[in-house]
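The values are calculated or read from the model by the stated rules, or taken from the named source; none is laboratory data. Computed from a prediction, not measured in an experiment: that's the story for all the values here. Cβ placement follows ideal geometry from the backbone for every residue including glycine, while neighbour counts extend to all protein chains displayed. Accessible surface is based on the protein model in full, side chains and every heavy atom, while ligands, DNA and RNA are left aside. Shrake-Rupley method; radii C 1.70, N 1.55, O 1.52, S 1.80 Å.
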Amino acid sequence: MTRPEIDYQALFAVTPSPYMVLGPDLVIADVNEAACRVTGRTREDLLGQYLFDAFPDNPADPCADGARNLHVSLHRVLRSKEPDTVAVQKYAIPVVGQPGVFEERWWSAINTPVLGPDGEVAWIIHRGEDVTAFLLSHPRPREGGALSDVEAMEVELYARARELQRLNEELRQAHARERQVALTLQEAMLHSPHLARHRDAVVRYLPAAGSLNVCGDWYDVVDLPENRCAVAVGDVVGHGLEAAAVMGMLRSALSASIRAVEGPARALDCLGLYARYVEGALATTVVQAVIDYHARRITYSSAGHPPPVLVHQDGSCDLLDQATDPPLGARPKHVPRPQADLPYTPGDTFVLYTDGLIERRGEDIDVSLQRLTDALARHARHKPERLADAVLAHLGVSSGARDDIALIVIRL
């Protein structure tokens, strides 16, 4: 007897638990009827929305951390390619039709990856069970009377589940201590206090998949006098602690140089001379740019680095490839670096990155650059935060790549 073909779309639609399907860029690709009911939204309201635009934390609650905790879990899934359970938590959601009003909710959630043919995360299935009624009705044993057997069993099961989640989290933290130490070291070396002043600047930093959370890529943002800002990205050959140590020295030297000399080319000249005396620094690539907000121009110089991209509001892109020279230490004698500039229009987006974002084994660099500009053009109107995530997803590196990745997105 031939069995009828299963309509999985229909099954998904009527599954009683609330489910959302997210892309690697955390944009909602599908929702079932239960998810619509529990959130009070329609399918049309949610499809195509960035998850945390649809469900932000309550800005009136300084203790709200539901969105942050969920964001951490989703990115853990992207990195590990394994399911991740979120401890029961408070996560208020906006009330439909009442702007600025949030309703208190408690959720038990699990995020499950769906891998594509290439082994990368193609989708994340987010299941969020609303346990608000249970928690509010069983906060503690009632005064003057014992819980019923059923209520006592429910509370016991809930308490045991929370304990298992706590122990699981402790185990995960124990295994992650070595990586956390390395990450703390990396963050200390990459500290960029001026970056926080630029609300329209976003950074994504992903060490090579399977490595410690340390690498030789770096980024830096430095405010300069006369309403200017210097931004740089660089890439030391290799991975791990040795590459990170070289990175820290070169980053500090360039950060000092761009403050002391005039223009990106002269700053790279200083860095190149310094790199000759740093073991492991030769063949490092780096690009330094200065944004002049008053003149609305970008001046730049590159030492063998992939070209930054200026993305216009209509989606067209300019590659900053007119001032490119060999990597640090590639010439036996010092030769002054070239420098170029170009104008921008307010609302344009400036994107700098390291080669791990675009390069693929056996692929021509022009093909890689075309894929990047296609992704930027497609998502040009997104805010920097969402644009960065969308580009990583479009290029298939949300969970990391074979090489380290640093990405800076600045809305000018």
> Of all accessible surface on the stretch 2-44 at a 1.4 Å probe, what whole percent is carbon and sulfur?
Replying inline: 58 percent
> What full-extension length gain, to one decimal in nm, is calculated for ASP200 and ARG79 as 0.36 nm per residue of separation minus the Cα-Cα distance?
Replying inline: 41.0 nm
> Taking the alpha-carbon centroid of each part, what is the distance from the stretch 56-70 to the stretch 339-392 in angstrom?
Replying inline: 31 Å
> By per-residue mean of other Cβ atoms within 10 Å, what is the highest-first order of 374-380, 217-223?
Replying inline: 217-223, 374-380
> Thinking of the stretch 40-139 as a set of Cα atoms, what percent of all their pairs are more than 23 Å apart?
Replying inline: 31 percent
>> For a quick check: with amide H placed at 1.01 Å from N, whose amide H comes under 5 Å from VAL31's, ignoring anything fewer than 5 positions away on the same chain?
In response: VAL21
> Taking the Cβ of THR132 as the center, what net charge do the other residues with Cβ under 14 Å away carry, scoring Lys and Arg +1 and Asp and Glu -1?
Replying inline: -1
> Given 0.36 nm per residue, what is the gain on full extension from ARG276 to THR132 after removing their alpha carbon distance, in nm?
Replying inline: 45.6 nm
> Averaged per residue, what accessible area in Å² does the stretch 295-412 show with a 1.4 Å probe, protein chains only?
Replying inline: 43 Å²
>> Give me the extension gain from ASP321 to THR345: residue separation times 0.36 nm, minus the current Cα-Cα distance, reported in nm with one decimal.
In response: 6.8 nm
>> Please list HIS294, HIS394 from largest to smallest accessible area, probe radius 1.4 Å, with all protein chains kept in place.
In response: HIS294, HIS394
> Put MET20, MET249 in order of accessible area, largest first, 1.4 Å probe: what do you get?
Replying inline: MET249, MET20
> In the stretch 330-391, what percent of the accessible surface is made up of carbon and sulfur (1.4 Å probe, ligands and nucleic acids excluded)?
Replying inline: 49 percent
> Summing +1 for each Lys or Arg and -1 for each Asp or Glu, what net charge is found among the other residues whose Cβ lies under 12 Å from the Cβ of ILE28?
Replying inline: -3
> Between LEU115 and ARG361, what is the spin-label point distance in nm, taking each point 7 Å from the Cα along the Cα→C-beta axis?
Replying inline: 1.7 nm
> In a shell of Cβ-Cβ distance under 12 Å around GLU359, excluding GLU359 itself, what net charge do Lys and Arg (+1) and Asp and Glu (-1) give?
Replying inline: -3
